[in-house]
Structures are given as C-alpha cells and as structure tokens.
Amino acid sequence: LERWRVAVLPGDGIGPEVTAQAVRVLEAVAAHRGVALEVREGLIGGAAYDAVGRPLPDETLDLCRASDAVFLGAVGGPKWGALPADKRPEAALLGLRKALGLYANLRPVTPFDALLPASPLKSAYLAGANVLIVRELTGGLYFGEKRRTRTPEGEEEAVDTLVYRTSEIERVVRRAFELARGRRKRVTSVDKANVLESSRLWREVATRVAAEYPDVELEHLLVDAFAMQLILNPRRFDVVVTENLFGDILSDEAAVLTGSIGMLPSASLADGRFGLYEPVHGSAPDIAGEDRANPLAAILSVALMLRHTFGDEAAAAAVEDAVKRVLESGVRTIDLAEPGDPVVGTKAMGDRVVAALEAALVK
Ligand code: NAD
Ligand code: IPM
Ligand code: MN
C-alpha cells in the first residue's frame, strides 16, 4: 500500500500518553518508506462518553471501517466505574472488537534479554522464551447472555454464559496453526475440558483442525495446569490458543516473563489484513498524566501493525530492534527500573526509540 490509513483512538488514562509515542514511531517509518500516512483520531471510552454521552460513537466505528488499521491506547478508569454496563468505557472496546470481527487476538510474549533481571522469575528459565498467545476475542464468557435474576427465595443472582459454536473455535484454532507453521510448529490448546462442556467442544474441534496440519504438533492442557507451566517452564510453549477470558487472564500473567505489563503488545485480527493494535495493559489510572507510563507495549503494537496489516516485515523488525537497542543502552521507564538504572519518562523513552529507529533506517 502507498497510503496507510490508520484510525487512532487514544482513549483514557495513559492511553493518550503511550499512543502519542506509538504514532511518532509509525510516522518515522512511513516517512522513511515514502508512504502517505493518514492518521485520523477518534473518540473512544470514557473520553467519548464525556464528550458525546456514548463510549463508542458511530463516527468512531465508521472511522475504523474506513481505515486499514486501528491503533487504540486504553479505555476505562474510576471516573466511569459506576456507569451502567453499556455506557462503561470497556463496553466500547468489546463493541469495537465484535463489530469489526476481530476474533483472533495475538499477544506475543518475548522477553528482551536486557530485561531478564527486571522479572521476578529466574533469568535462566526465561532466556529464549517466545510464546504467542492467541486469544479468542469475540465469543466465550464475554459475549454470552448475561442477566440478573432473583432466586425463588428472593436472593439476587447474576448469570454469565460461556457459549462457543464450532465455527468460532475452528477459525481461531486454524489461525493458531497457521501462525505455528511460521514458528516452532507447536500449538498448545488451553481449556477446562474436565469441567466445561464448551471446553470439550473446543478440544474436539482443535483435534479435528490439527489433522489438517500434520506438520504441527498439538497438545491440550487444562488452564490451571497451564497457568503453572507458563511460569515454571515458559520455553516449552510456542503458540497457545485459548478461550476469551482464559486468554485475558493468562496474558497478564505472561507479562511477568517480560518484566512489566508495559511491555506486551497485541494485534486483534479479522480475516484478511485489517487489524486493531493495542497494548495489553489498561489505562493505569494510578500513573496517568505523570509521564511515567512505559510506551513500549504501544510501540511494539505498531510493529505488529506493520507486520500484520501493512505486510512490512522489515519495518516491523526495525521497530523491534530499535526497542531492543534502547533497552540494551540501559534506560528504563519506572516500571522496569532497578536500583541504579537511568529512569526516563514516557516521552523521553519515545525519543530514544525514534532516534534508534531513524539511525537504523538511514543506514
Ligand atoms: P492496568 O493494566 O491499567 O494497570 C495495572 C498496573 O500496571 C497498574 O499498577 C499500572 O500502573 C501498571 N501499568 C499498566 N500499564 C503500564 C505501563 N504502560 N507502564 C507502566 N505501568 C503500567 O490494569 P487495571 O488497573 O486493572 O485497569 C485499569 C483500567 O483499565 C480499568 O478501567 C480497566 O477496565 C481498563 N483496562 C483497559 C484495557 C484496554 O483498554 N485494552 C486493558 C486492561 C484494563
Ligand atoms: C484487555 C482488557 C479488556 C478485556 C477489558 C478492558 C474489556 O482487559 O484487552 O485485555 O478484558 O479484554
Ligand atoms: Mn486484560
């Protein structure tokens, strides 16, 4: 593409702070490539609710649909915590994922060597770990029927439903196998098939899909056992595919391997090249507005955009390499800093990455 149309939705809390740094990186790449970058900003989350009374305005959805890719900062915060479910900032994110058909959420977990000491886990177990979590994103517990009722005794009761149909499982598992083919050719399907009927279907479908990929090995693990293995022996995993809520929880756990939740990027993909790119972390209200947030998860999400939407593997690798070199130089945002490390703010970390990137691109 000679024109990159990107919808940018900064959102709430640290969302706008990390988004600003991610956009600078994208601009640097586009300028170097001679590509016309069209960045259009939209409202989402609490910021949209405050401005127009709805967390996901139609204009925002239209903007996303008219774009090649979407970049999203983060949504949510205590200010909007008491709103009814459909007005909450988080409803906008879920609505966007569903409306855009973004069923496959890729969350690569690749600890940088320079950050091994930043993790509380032993470096010897982390070095070389490279796990790709593929989280189902438009079904499962998040999107099943929800309701409040009263029991015959008059007690209040709440219901969330975990529903999956075969086609929903099939497409995300197939995506996981396709991705595994370009990696170490192992898929771990994570479920709770010893208890949940939806997991028994998940396991059956995964087994059936695996037959189409004789070159890729499939293993099934129960989610509780996987949660432990991920910490005990992360290097045994390659691609991990799992239900929506399991994937949400396991990816925050996996962030511990990288040293900080501020390091995990994500790509949410539909069929084809369209995608939404966002850091895995939230709006971090506890540090918002203080220039303390780590922008690297957001910047690494730009690398995923370059790779998955714009098909520019060289640019994606250049961004990842710029991050690597900045970390090797020793500078850290506060979430990663150890005693004695030079600490920089959000914007200064963005400066370092852009400088490292430009130095590499010029060569
Ligand atoms: P969070 O990820 O926002 O923060 C958890 C902890 O990690 C906090 O201590 C925070 O300061 C820290 N942290 C997060 N990102 C960081 C970064 N880039 N640099 C440094 N430190 C960082 O999770 P939470 O506190 O459970 O949720 C806060 C709000 O964000 C909630 O409203 C939640 O719904 C929302 N949320 C949104 C998204 C999203 O937009 N994709 C994701 C997760 C949570
Ligand atoms: C994430 C977030 C969201 C999720 C919330 C904010 C709805 O935690 O993207 O991981 O649960 O999917
Ligand atoms: Mn989450």
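Values in this text are rule-based calculations from the coordinates and carry no lab data. Remember, it's a predicted structure, so these values are computed and weren't measured experimentally. Cβ sites come from the backbone with ideal geometry, for glycine too, and all protein chains shown count toward neighbours.
Separation of the stretch 122-200 and the stretch 27-75, taken as the distance between their Cα centroids, equals 28 angstrom.
Using a cut-off of 13 Å between beta-carbons, work out the net charge of the residues near L306 (Lys and Arg +1, Asp and Glu -1, L306 not included). Once positives and negatives cancel, what remains is -3. For the stretch 194-199, backbone phi angles converted through the Karplus equation (6.51, -1.76, 1.60; θ = phi - 60°) give residue-by-residue couplings of 7, 10, 9, 5, 4, 6 Hz, Gly and Pro being listed as x.
Rounded, prolate or oblate, given the Cα gyration tensor of the stretch 6-154, with a/c below 1.5 counting as rounded? Here the stretch 6-154 falls in the oblate category. Between E38 and W4, R5, V6, the built amide H atoms are under 5 Å apart, and every one of these is 5 or more places off in sequence or on another chain. Shape of the stretch 1-68 from its Cα gyration tensor (a ≥ b ≥ c, root eigenvalues): rounded if a/c is under 1.5, otherwise prolate when a/b > b/c, or oblate? Since a/c reaches 1.5 but b/c is at least a/b, the shape of the stretch 1-68 is classed as oblate. Taking every Cα-Cα distance in the stretch 112-220 and sorting them into 5 Å bins from zero, the calculated P(r) comes out as 2, 10, 16, 15, 13, 12, 11, 9, 5, 3, 2, 0 percent.
Using the Karplus relation 6.51 cos²θ - 1.76 cosθ + 1.60 with θ = phi - 60°, the per-residue 3J(HN,Hα) values for the stretch 283-298 come to 7, 6, x, 5, 10, 5, x, 10, 6, 10, 6, 7, x, 5, 4, 5 Hz, with x marking Gly and Pro. The charge dipole of the stretch 169-223, taken about its Cα centre with unit charges on the Cβ of Lys, Arg, Asp and Glu (plus for the first two, minus for the last two), comes to roughly 220 debye. Taking a ≥ b ≥ c as the square roots of the eigenvalues of the Cα gyration tensor of the chain, is the shape rounded (a/c under 1.5), prolate (a/b larger than b/c) or oblate? Rounded shape, in that the Cα axes give a/c under 1.5. Please name whichever of G15, V354, A284 sits farthest to the positive end of the charge dipole of the chain, dipole taken about the Cα centre and charges placed at Cβ: Lys and Arg +1, Asp and Glu -1. Towards the positive end, the residue furthest out is V354. Among 300-311, 56-67, 335-346, sorting by the average number of other beta carbon atoms lying within 10 angstrom of each residue, highest first, gives 300-311, 56-67, 335-346. Dividing the radius of gyration of the alpha carbons in the stretch 153-273 by their Kirkwood radius gives 1.01 for Rg/Rh. Rounded to the nearest 20, the Cβ-based charge dipole of the chain about its Cα centre (Lys and Arg +1, Asp and Glu -1) stands at 700 debye. Placing unit charges on the Cβ atoms only, positive for Lys and Arg and negative for Asp and Glu, gives the stretch 120-258 a dipole magnitude near 660 debye about its Cα centre. Only one residue of T60, Y125, L43 has its Cα farthest out toward the positive end of the dipole of the chain, where Lys and Arg carry +1 and Asp and Glu -1 on Cβ, and that residue is Y125.
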